[in-house]
1. Would you point out the residue of the stretch 42-51, among those that are touching a helix residue (DSSP H, G or I) at 6+ places or on another chain (Cβ under 7 Å) and touching a residue at least 40 places away in the same chain (Cβ under 8 Å), that is surrounded by the most Cβ atoms within 10 Å (Cβ to Cβ)?
2. Just to be sure before I move on: is G57 in a loop (DSSP other than H, G, I, E, B) and under 15 Å from V123 (Cβ atoms) in the structure I sent?
3. Under the condition of being touching a Gly at 6+ places or on another chain (Cβ under 9 Å) and of a type in the set (S, T, Y), which residue from the stretch 117-144 is nearest to E257 (Cα to Cα)?
4. Looking only at residues in the stretch 155-171 that are under 19 Å from P128 (Cβ atoms) and in a helix (DSSP H, G or I), which one is modelled with the lowest pLDDT?
5. Is one or more of the residues making up the stretch 63-83 out of contact with any helix residue (DSSP H, G or I) (no Cβ under 7 Å at 6 or more places or on another chain), over 26 Å from P114 (Cα atoms) and either in a helix (DSSP H, G or I) or at pLDDT 95 or above (or both)?
6. Residues of the stretch 111-134 being in contact with a Phe, Trp or Tyr (Cβ under 7 Å, 6 or more places away or on another chain) and part of a strand (DSSP E or B), which ones?
7. What are the pairs, 6+ residues apart or on separate chains, where a residue within the stretch 243-260 that is among the small types (G, A, S) has its Cβ under 7 Å from a residue that is surrounded by 13 or more Cβ atoms within 10 Å (Cβ to Cβ) and in a loop (DSSP other than H, G, I, E, B)?
8. Name the one entry in S108, S137 that is assigned to a helix (DSSP H, G or I) and surrounded by fewer than 17 Cβ atoms within 10 Å (Cβ to Cβ).
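The values are calculated or read from the model by the stated rules, or taken from the named source; none is laboratory data. It should be emphasised that the depicted structure is a prediction, and the values quoted were computed from it without experimental measurement. Here Cβ is always computed from backbone atoms with ideal geometry, including for glycine, and neighbour counts include all displayed protein chains.
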Amino acid sequence: MSGRQTRERQRGGALDFQQSLQRCRGGVQDSDMLADLKRQLEPHREGLTRIRCLALGKFHDEAPARWQLALLLELVDYLGPGVQCSVYDPAFTAEELAFVEQLGEQWSVDEQSPWSTELSDQVLFFLPHAPLSLSESVVEAEQPRLWLANQLVQHTDRYTKAQLFEKYPLISKLVSYLDSGSKAGTASNDGFSTFVPKRSRRQRRNKAVFTEPNIDYGSVRSYFTGCAVLTDFCGGELLRDKPWLNAFSDLALHRIELGVGQAGDTANSI
């Protein structure tokens, strides 16, 4: 293949990608999912000046990752001019890196967060389908407050409480708040309604078969004192049977809550 043919093929591939991305953005723009997400973010919108997106995937070639990129771009537009966006995925190829670079100086590719944890209340974290190992390390190192990712209870349902506590103690502690219902719930516009996870329902049915040991979650040192699900998109109904297939399965917006005097200036915390 000649150099000219190679350049023409590259231009054609770039055009196909841009057209596909625009179709994805159109699908996200018109979705009830995005409308619900904006409603839940609106009370925090003014204070959100940054987005940290990890585990986005190879969006140049893979359709699910392209849908996730489309949602990320819509969130950037929603938060307004000047919002900074830091992305990273070890799977990124030259095509992904080149695309991010052309988005402008507000975008960067960073394996480690470019921002201090003192600014975490200004950051929307978006981790579509991130592995639990990554989620655990990000919670520890970057201290997120608003967490758009797999619904934590559903994402950890394959573990017993003891297994989860041993392997991912911070995630385990967050899940315990959601399981307890004391500081958790699925928030709606008119307040909180009790969130009853699948694990709890199943354990009630199987009480005679297996009893989880008592876990000392207080032994896990953390910056947070609670966790709430702000939206799980109507139990996932707004995510299923859509053009994006499984790109957003089990997605939920969590609010990780702080105690008084923890993790910086709580007067400005979410």
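1. Filtering the stretch 42-51 down to residues touching a helix residue (DSSP H, G or I) at 6+ places or on another chain (Cβ under 7 Å) leaves 45, 47-51.
Restricting the remaining residues to those that are touching a residue at least 40 places away in the same chain (Cβ under 8 Å) gives 47-51.
Details: G47: 14, L48: 20, T49: 15, R50: 20, I51: 22.
Restricting to residues being touching a helix residue (DSSP H, G or I) at 6+ places or on another chain (Cβ under 7 Å) and touching a residue at least 40 places away in the same chain (Cβ under 8 Å), the top hit is I51.
2. On the way: in a loop (DSSP other than H, G, I, E, B): yes; under 15 Å from V123 (Cβ atoms): no.
For G57, the condition - in a loop (DSSP other than H, G, I, E, B) and under 15 Å from V123 (Cβ atoms) - is not met.
3. Restricting attention to the stretch 117-144, the residues satisfying the condition of being touching a Gly at 6+ places or on another chain (Cβ under 9 Å) are 117-122, 128-129, 143.
Remaining after also requiring of a type in the set (S, T, Y): 117, 120.
Working: T117: 14, S120: 12 Å.
If we take residues in the stretch 117-144 being touching a Gly at 6+ places or on another chain (Cβ under 9 Å) and of a type in the set (S, T, Y), then S120 is nearest to E257 (Cα to Cα).
4. Here the answer is H155.
5. Checking the stretch 63-83: at least one residue is out of contact with any helix residue (DSSP H, G or I) (no Cβ under 7 Å at 6 or more places or on another chain), over 26 Å from P114 (Cα atoms) and either in a helix (DSSP H, G or I) or at pLDDT 95 or above (or both).
6. Passing the criteria: V123, F125.
7. Once the first residue is among the small types (G, A, S) and sits in the stretch 243-260, its partners that are surrounded by 13 or more Cβ atoms within 10 Å (Cβ to Cβ) and in a loop (DSSP other than H, G, I, E, B) give S249/L239; A252/Q151; A252/D232.
8. None of the others qualify; the one that does is S137.
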